[in-house]
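Okay, structure first, notes after.
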Amino acid sequence: MSGLGAVARNAGAGSAEPGSDFGGGPLDPPTVPPAEPPVPPRAVVARAQSPGDRFFRGTTQFFAVLVLVSVFGMLVTLVVGAWPALKTFGLGFLASKEWNPVTERFGALAPLYGTVITSIIALAVGVPVSFGIALVITELAPRWLKRPIGVAIELLAAIPSIIYGMWGLFVFAPVFSAHLQPWLTEHLGSWPMVGALFQGAPMGIGMLTAGLILAIMIIPFMTAVMRDVFETVPPALRESAYALGCTTWEVVWQVVLPYTRVGVIGGIMLGLGRALGETMAVTFVIGNAHDIHLSLFMPGNTISSTLANEFTEAVTPLYTSSLLALGLVLFVLTLVVLVAARLMLMRLRAREGERT
Amino acid sequence: MSVSLHKDSRQLNLLYTKRQLVNRIGLTLSVLATLFGLFWLGWLLWTLFGSGLRWISPRLFVEATPPPGANGGLANAILGSVILTAAGVGMGAPAGILAGTYLAEFGRHSRLGAIVRFVNDILLSAPSIIVGVFVYALVVVRAGHFSGWAGALALALIVLPVVVRTTENMMRLVPDGLREAAAALGAPRWKVTMVVVYRSALPGIMTGVLLAMARVSGETAPLLFTALNNQFWSTDMSRPFPNLPAVIFQFAMSPYDDWQHLAWAGALLITVTILVINIVARFLLRRTRSN
């Protein structure tokens, strides 16, 4: 880059100054350019055409495009890899719950079901909790406490997924099966409709455990977004409501939440995106069974845990291709959720832009 | 609320009490939610230190992973993880910084910039296991075997969006007045960026790189079918490569007690490392903001 840099400067200033060196990296201290003869004010024109600028702009643009290419490449690679399976099973791949490596019949329904159900559990638990935490941080906590709470919740996001998995399997699951699961069966098991969800042996592992651990894992992400969007509410709005005699709860529920609704939903979708694709924690605690049960206590499977467990064992091309097809399903699913989330967050930001 | 002035003050009083009650309940639930969140953090860390600290010993850092029943450490896995993380950050961070530079300096209002920004945000939250599958299909299948380079590439793809995002944000914090001042002195655009903008955004950009490093050093899913794992000492990146997360996964799921102890020790090591990196990153960021 240094060579081209010198060229650029020469072209820009219109003076021959060979051999000047701008060092090996972008972060070197600036070298003082030698005194140059005064040049006519054509710097702007010259700069626009300077090869150094063109090179620099081109390089950065190349890497920006690389981001696009890698996401596009993921999609293409997955489609190509999944093609044999999709051709063999057609759309029935999504509808069949059979998963038999011996007879080579594969269907995505069981892992897809597990993915969706665990994510729904995660949202059902995670959303209200995240909302509460965001409310405490933005409205309730004294100034000195806001930062520590925020940092502590963010630490939950820093802990690697595999740690959640180990903790979930060895620590949480035994406690869960000994105390919480029997309680749930006893108190909710006889209810109409929901009762069937809480039947079966309390094994500790299963869909509900996976969903709960997912909830803990996505809380920091949703809290962060909610906190940020809550802070975009103009103080005048909030203070007017307080001045009218609103309670804190009313301010949040009737002023802050309506104002930030799009952003909050965007944050929830981001959390959903995380939950759908989370792998290691789920792999530890879900039980890995290609089955569909109504009861949340039963072991199941998600797309990502199937991939983690079986990818290195897949020996036949069709088996591998079916796993890639599962990956494709997961990717498309998260893509849809994430695109929707980003569009919503962008809409909130755009509205904010209009106001200022 | 001068309720007493009203004729049917009782009804108003009732309304007032109800509103207060709803407020109380709502806020109490919120505080409970916060405690709920903090409770899990406490429990996790408690478990981690409780089950891991006992098994931390000097042997961990000098001996390779043992077969079940034998003595050993995690040294090869630790070294492997350090190399993999360094290679991943080494590939992903420069690419991310340059792409972020494009977004902040050239692509602010361009259509390409908007698209890249959007797609980058998608990549940022895309499941890491998909990245692993992608690299598997792209590299491992073609090469015919698992390799350290494939693992590093997968990590690089996870580093990339984090660094792009933070680099753009940090460079945008640099006031345009600085850029204009440099341009007014006759500096070409590339020089303005390198000498002026990078310099003031450097701590922020480093924070992004550190955060990305923290994120990938615990990543397991993308390594499972790229770098795989290796029981022995290896610095050959073209072969299956030892790494700590995969060892933890394998050992934790095993029925052997001594393997499980090593897994807990490894889990503690990884988490402490990540927390320390996070704290350093936060410290850096704070210093940038206060500057």
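Using a Förster radius of 45 Å, what is the FRET efficiency between A:Val175 and B:Thr235 based on their Cβ-Cβ separation? Nearest 0.05, please.
On the way: r = 42 Å, r/R0 = 0.94.
Result of the calculation: an efficiency of 0.60.
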With only helices counted (DSSP H, runs n ≥ 4, each -39500 (n - 2.57)), the per-residue ellipticity at 222 nm for the protein assembly as shown, to the nearest 500, works out to -22000 deg cm²/dmol
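Would you kindly work out the equivalent ellipsoid of the range A:90-355 from its C-alpha gyration tensor and give its semi-axes, the square roots of five times the eigenvalues, largest first in whole Å? Display every interim value, and only then the final one.
Numbers: eigenvalues 281, 101, 54 Å².
One finds semi-axes of 37, 22, 16 Å for the range A:90-355.
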Note to self: with every protein chain in place and a 1.4 Å probe, the range B:185-263 gives an accessible area per residue in Å² of 36 Å²
Between B:Val280 and B:Val31, the two model label points (7 Å from Cα along the beta-carbon direction) sit apart by a distance in nm of 3.9 nm
Calc'd 3J(HN,Hα), the range A:70-85, phi into Karplus 6.51 cos²θ - 1.76 cosθ + 1.60 (θ = phi - 60°), Hz, glycine/Pro = x, comes to 5, 5, 4, x, 4, 4, 5, 4, 5, 5, 4, x, 7, 4, x, 5
Sorted by chain and number, the residues with a modelled amide H under 5 Å from that of A:Arg105, at a separation of 5 or more or across chains, are A:Asn100
For the protein assembly as shown, the charge dipole (Cβ of Lys, Arg +1; Cβ of Asp, Glu -1; about the Cα centre) points to a positive end, and the Cα of B:Leu202, B:Leu21, B:Gly151 closest to that extreme belongs to B:Leu21
Computed on Cα atoms, Rg of the range B:42-152 relative to 2.2 N^0.38 Å comes out at 1.53
Simple SL model, points at 7 angstrom along Cα→Cβ for A:Arg143 and B:Phe49; separation in nm is 3.1 nm
For the range A:95-171 the GluC sites (Glu not before Pro) that pass both the DSSP coil test and the at-most-16 other-Cβ-within-10 Å test are A:Glu98, A:Glu104
The longest stretch of chain B containing none of the trypsin sites (Lys or Arg not before Pro) that sit in a DSSP loop with at most 15 other Cβ atoms within 10 Å is B:109-291
From highest to lowest solvent-accessible area (probe 1.4 Å; ligands, DNA and RNA excluded), A:Thr59, A:Thr118 read A:Thr59, A:Thr118
Of A:204-213, B:83-92, ordering from highest average Cβ density within 10 Å down gives A:204-213, B:83-92
Losing no less than 50 Å² of accessible area (probe 1.4 Å) relative to the isolated chain, the residues of the range A:238-279 are A:Thr247, A:Trp249, A:Arg274
Scalar couplings 3J(HN,Hα) for the range B:163-169 by Karplus 6.51 cos²θ - 1.76 cosθ + 1.60 (θ = phi - 60°), nearest whole Hz, x for Gly and Pro, are 5, 4, 4, 5, 4, 4, 4
Taking a ≥ b ≥ c as the square roots of the Cα gyration tensor eigenvalues, with a/c under 1.5 meaning rounded and otherwise prolate when a/b beats b/c or oblate if not, the range A:184-240 comes out oblate
Plugging the Cβ-Cβ distance of A:Val76 and A:Val315 into 1/(1 + (r/R0)^6) at R0 = 22 Å yields, to the nearest 0.05, a FRET efficiency of 0.30
Partner aspartates and glutamates whose C-alpha sits under 17 Å from that of B:Lys191, ignoring same-chain residues fewer than 8 away, are A:Glu17, A:Asp21, A:Asp28, A:Glu36, A:Asp53, B:Glu105, B:Asp176, B:Glu180
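Considering only protein heavy atoms and a 1.4 Å probe, what is the carbon-and-sulfur percentage of the accessible area of chain B? Intermediate results must be reported in sequence, preceding the final value.
Numbers: 8650 of 13080 Å².
Ligands and nucleic acids excluded, carbon and sulfur reach 66 percent.
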To the nearest 0.05, the calculated FRET efficiency linking B:Ile115 and A:Asp228 through their beta-carbon distance, R0 being 22 Å, is 0.40
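Would you mind giving the total buried accessible surface between chains B and A, with a 1.4 Å probe and ligands, DNA and RNA left out, rounded to the nearest 100 Å²? Walk me through the numbers before you get to the answer.
Numbers: alone 17080 and 19710 Å², together 28870 Å².
Answer for the B-A pair: about 7900 Å² buried.
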Along the range A:87-98, Karplus-curve 3J(HN,Hα) (6.51, -1.76, 1.60; θ = phi - 60°) to the nearest Hz, with x for Gly and Pro, reads 5, 5, 9, x, 5, x, 4, 7, 9, 8, 9, 6
With the convex hull built on the alpha-carbon atoms of chain B, volume per residue in Å³ sits at 236 Å³
Kirkwood Rh for the protein assembly as shown from C-alpha pairs, in Å, is 27.0 Å
Of every hundred units of 1.4 Å-probe accessible area on the range A:90-355, the number belonging to carbon and sulfur atoms, as a percent, is 68 percent
Per residue, accessible area of the range A:90-355 with a 1.4 Å probe, heavy atoms of protein chains only, in Å², comes to 39 Å²
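The values are calculated or read from the model by the stated rules, or taken from the named source; none is laboratory data. On a predicted model such as this, the values are computed, not experimentally measured, just so you know. Cβ coordinates were reconstructed from backbone atoms using ideal geometry, including for glycine residues, and neighbour counts include every protein chain displayed. Calculation scope for accessible area: heavy atoms of the full protein, side chains included, ligands and nucleic acids excluded. Shrake-Rupley method; radii C 1.70, N 1.55, O 1.52, S 1.80 Å.
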